[in-house]
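Heads up: the structure comes next, in structure tokens.
Please treat every number below as a calculation from the coordinates, not as lab data. Quick caveat, the model's predicted, so the values are computed rather than measured. Quick reminder, even Gly has a Cβ in these numbers, built from the backbone with ideal geometry, and neighbours come from all protein chains shown.
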Amino acid sequence: MTSFTKIIEDIRDGDLLEQCSNDFADLISAVTETRKGGAFSLMLKVRPNGERGVAISATIKTTEPKPSIGEAMFFTDGTNLLRRDPRQIDIEDELKRKREQRDEKREIGQ
């Protein structure tokens, strides 16, 4: 009997084996990048073809892990979503206010 690896090499003149190699390499890269699992499967369907022949069709399926999108934090003032907490003093606004107070004191003192 012909070995399984030889049969895989012969399907579509080696194109199936090359596609398997490429898809598997992509899967390994995705798993390494995301640190999540994935899957690779090769399905071979065999059907009769005439008196003494068989036809083999192949389907490759990979399930690559998806990177996490993460979440975003928002505050609300009751109806609107805001990136900053409306109850918290903004440091830039506070520094600006202090500079303006300092400048006013200098103007009054002159």
- prompt: Which of 22, 34, 108 sits farthest toward the positive end of the charge dipole of the chain, with +1 on the Cβ of Lys and Arg and -1 on the Cβ of Asp and Glu?
  reply: 108
- request: Would you please name the GluC sites (Glu not before Pro) within the range 22-102 that are DSSP coil residues with at most 16 other C-beta atoms within 10 Å of their C-beta?
  value: 51, 71
field: Dipole axis of the chain (+1 Lys, Arg; -1 Asp, Glu on Cβ), positive-most option in 44, 58, 75
entry: 75
message: Counting other C-beta atoms within 10 Å, and keeping those with at most 15, which DSSP coil trypsin sites (Lys or Arg not before Pro) do you find in the range 30-80?
response: 35, 36, 52
